[in-house]
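Undergrad: Here's a structure for you.
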Amino acid sequence: MRHSILDIPLDSTSCAAVADKIQSWLDDTNQRQIATINPEFLMEAQTNESFKKVLQNTALNTIDGFGIQLMAKLIDGVTLKRCPGIDLLQTIFATPPTELRVYLLGGREGVARLAAKKIKQRYPRVEIIGYSAGFANINNISLQEYNHVITEISESRPNLLLVGYNAPFAQIFINDWLPNLPTVKVAIGIGGSLDFLADTVPRAPLLFRRIGLEWLWRLLNQPRRIGRIYRAVIKFPTEYFKKAKAKDRQLNNDR
């Protein structure tokens, strides 16, 4: 089921269903991008038109944030399924498609290498054919740097590209450069999931995840995230509620 929030289409689907889609897409001739959407994405898209257009044209937007699920239920009366990025990756790796060739891009220096090592230990059937920290500074990248990274990925010939940069850079990077990587059939922006895979950042305990308080766990462990948490926990519900009320008023006026 597809449901739109703040003009961004969201796909209510399980991680197992997404993994099945990826398996079929790897054998296709088309290239596809998957985005794992949290409230910060939705807020960024309200002021970043380029980012909004990318999210409106991805093949699939899974629901990462619990806040999206909660607000959709409270305001729209819709029950949405979540598939956080790290859960999706673990699902893919647990039962990897035949001929899965993965490239890991991004993260802090050494994180992609460590993540590759951990993945091979936990999921021996997964083939990690390359990894790189990529760009030194995503806010100041030269064309030479872009060409170097694209060439390195292209020569590895992956069919699944995992981009470990934060939004909106990861999604816009994939949108702009995927055509230059013909062997890549599916690309996913995975944000900080490389840190989870590398065990450099602990994930919230299962109880926190189940009751939707993973954001609180991360705030307690990473206080510097306070700005991002504020956007997700305070600004997003406020904006969503405001837009929903405006839509209701418009419908009433049109009757």
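Undergrad: Could you tell me whether the range 103-110 includes any residue that is at positive phi and surrounded by 19 or more Cβ atoms within 10 Å (Cβ to Cβ)?
TA: yes
Undergrad: In the range 213-231, how many are in contact with a helix residue (DSSP H, G or I) (Cβ under 7 Å, 6 or more places away or on another chain) and in a loop (DSSP other than H, G, I, E, B)?
TA: Number satisfying all stated conditions: 0.
Undergrad: Also: Every residue in the range 48-75 that is more than 23 Å from R209 (Cβ to Cβ) and either in contact with an Asp or Glu (Cβ under 8 Å, 6 or more places away or on another chain) or acidic (D, E) (or both), please.
TA: E49, F51, K52, Q56
Undergrad: What single numbered condition from (1) assigned to a strand (DSSP E or B); (2) among the β-branched types (V, I, T); (3) surrounded by fewer than 16 Cβ atoms within 10 Å (Cβ to Cβ) fails to hold for I234?
TA: It fails just one condition, (1).
Undergrad: Quick check on the range 193-212: of everything there that is part of a loop (DSSP other than H, G, I, E, B) and in contact (Cβ under 8 Å) with a residue 60 or more places away in the chain, which residue is surrounded by the fewest Cβ atoms within 10 Å (Cβ to Cβ)?
TA: Applying the filter and picking the extreme gives D199.
Undergrad: Against the condition under 27 Å from L42 (Cα atoms) and within 21 Å of the chain's Cα centre (by Cα), how does A94 come out, does it pass?
TA: Considered against the rule, which asks whether it is under 27 Å from L42 (Cα atoms) and within 21 Å of the chain's Cα centre (by Cα), A94 comes out as no.
A short reminder: the numbers here are calculations on the coordinates, not readings from a lab. Model, not experiment: these values are computed from the prediction. Here the Cβ is made from the backbone with ideal geometry for all residues, glycine too, and neighbour counts use every protein chain on show.
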